[in-house]
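The values are calculated or read from the model by the stated rules, or taken from the named source; none is laboratory data. For clarity, every value in this text was computed on a predicted model and none was experimentally measured. Positions of Cβ are backbone-derived with ideal geometry, glycine not excepted, and every protein chain shown enters the neighbour counts.
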Amino acid sequence: MLSGAFPEYQLNKNTLEVYYLNLSDFDPKDFEKVILAHIRENKWFPKISELRQELVRLRGFSRATPSDVWDSLIKAAESDQEPEMDANTERALRVCGGWEGFCRMTYRDLQFTRKDFERVFNEGLEREDNLIRLGQAPVPEMKRVAHEEG
């Protein structure tokens, strides 16, 4: 599909292998949605990171990887746009002092905090998976995080 939409980009076997290795965790339906969205909105062949970002946007934060969510939060902070977050992302962001604390961190502090964010985020995903296995799937809740005065 990408080759047809971007005929000027010459795919080789090596590139296909790298894309496959880095995108093989996508659900096939999600993958198709991501590709179609990229084709509609971009004029250049996608980078792997762009496709992963699109997946985060399409799915919302709830089932994205901690790394994908972190990258989206960084991008949102750089553009000074507070994103909508699910409860798991909000919980994990608390280790960074919430949205405002996250936005005020230096690059060096963000590097140290990332591991804690990812740990808390993964714990939330495990909790959700356990609820799903027990037949008590959580209801995704997207909300804008309120700024705390202080």
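The table below gives the values:
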quantity: Residues of the range 124-150 satisfying the condition of being under 16 Å from the mean Cα position of the chain (by Cα) and at pLDDT 80 or above; calculated: G124, L125
quantity: Residues that are over 16 Å from L125 (Cβ atoms) and touching a strand residue (DSSP E or B) at 6+ places or on another chain (Cβ under 9 Å), drawn from the range 74-110; calculated: E82, P83, E84, W99
quantity: Helices (runs of 4 or more DSSP H) completely within the range 1-102 that count 1 or more residues being of a type in the set (K, R) and either touching a residue at least 40 places away in the same chain (Cβ under 8 Å) or crowded, with 17+ Cβ neighbours inside 10 Å (or both); calculated: 48-59
